[in-house]
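Everything below concerns the one structure shown next.
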Amino acid sequence: MADDQTLTASLLGPFNGEPPPAPAWFEAAIAIEPERSTIEVKGTPIELLTWGEVGKPGLLFLHGNGAHADWWSFIAPSFAKDWRVAAISWAGMGGSGWREAYSADTFAAEAFAAVEAAGLEAGGHKPIFVGHSFGGFPTLFCAARHPERLRGAILVDTSIQPPEKRWRGPPPRSGFGTKVYPTLEEALTRFRLAPPQPCENLYIADHIARRSLKQVEGGWTWKFDPAIWQRFSMPDLGQLLSEIACPAALMWGERSGLMHAETLDYMIAQMPKDVLRLPIPDADHHVMLDQPLAFVAGLRGLLAAWA
């Protein structure tokens, strides 16, 4: 178990702005560049990344809180041979625009607009959504309220607490996202995972950190809207669990601090009995960062179950 000092230490500071060494599989994956585009959804530009051929079954990756579409750019190429793959940056995050207000309905609209723009249904099959952490909330909403539009939904370390500990939204990140750092190197030293956890694959942390920043007057700052949680609404998530009406699966990191036994027991009890379950060994909350190859293998197994 890592101590508090380890969890809060700079992940990338020791590299002085240089990318950490990475294994061959990772270099090969990110060398497969996605097609990058922007779509407009309810008046807001949404960043869209796509891989693979139009006409193959559709797979949409949906990232977590404060993240962006490139959290999937080292994972998606592993599926591009057999799938038409897409990832978006939610409004208020990544390269997407910001909204005056954020809701389950607007997030769902963004996901389904990506399905259409990326041609995820062009082969005659409904798409499968894969949502990590916060990204699992809109995924769950779509599985409950729009199940006829999905072939399947996979929640990845998406934590929904029992009623007495009901989710009220992540705590506001006071000041985070507004500070301007004079250099990219300094900004990279400030990158942290939220919630805090150990990170062995620093080459992945560097990859996502660089794409979490944007250049502004005076230096570099984070891309996401720091006030998003003050203007956000979502239906009761526990109720949505019981309303899932399409094939679904729950994947989580066995070491995740958000998926305690009490949480898992509650979620599994609320979900339909046929929801598939897949814990990933030796993984914390950020499963695809902690165990990327095990994540790919596990996800392939789940997808095969719905072939």
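The values are calculated or read from the model by the stated rules, or taken from the named source; none is laboratory data. Values in this document were obtained by computation on a predicted structure and should not be read as measured data. Neighbour counts run over all protein chains shown; Cβ positions are idealised from the backbone, glycine included. Accessible surface is based on the protein model in full, side chains and every heavy atom, while ligands, DNA and RNA are left aside. Shrake-Rupley method; radii C 1.70, N 1.55, O 1.52, S 1.80 Å.
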Strands (runs of 3 or more DSSP E) within segment 196-296 that include 2 or more residues open to solvent by less than 40 Å² (accessible area, probe 1.4 Å) and over 29 Å from Arg151 (Cβ atoms): 219-222
Give segment 297-307 a look and list any residue that's assigned to a loop (DSSP other than H, G, I, E, B) and aliphatic (A, V, I, L, M), or say none. Ala307
Could you count how many residues in segment 109-141 are among the small types (Gly, Ala, Ser), outside any helix (DSSP H, G or I) and open to solvent by 10 Å² or more (accessible area, probe 1.4 Å)? 4
Does Ser78 count as closer than 23 Å to Gly253 by Cβ and of a type outside the set (A, V, I, L, M, F, W, C)? yes
Since Pro182 meets every condition but one in (1) surrounded by fewer than 16 Cβ atoms within 10 Å (Cβ to Cβ); (2) out of contact with any helix residue (DSSP H, G or I) (no Cβ under 9 Å at 6 or more places or on another chain); (3) modelled with pLDDT under 95, which condition does it not meet? (3)
Identify all residues within segment 211-229 that are of a type outside the set (Phe, Trp, Tyr) and either farther than 22 Å from Ile75 by Cα or free of Cβ contacts under 8 Å to residues at least 40 places away in the same chain (or both); write none if there are none. Leu213, Lys214, Gln215, Val216, Glu217, Gly218, Gly219, Thr221, Asp225, Pro226, Ala227, Ile228
Pro235 vs (1) in contact with a Cys (Cβ under 9 Å, 6 or more places away or on another chain); (2) at pLDDT below 95: all pass except (1)
Show me the strands (runs of 3 or more DSSP E) entirely contained within segment 1-101 in which 2 or more residues are open to solvent by 10 Å² or more (accessible area, probe 1.4 Å). 35-41, 44-51
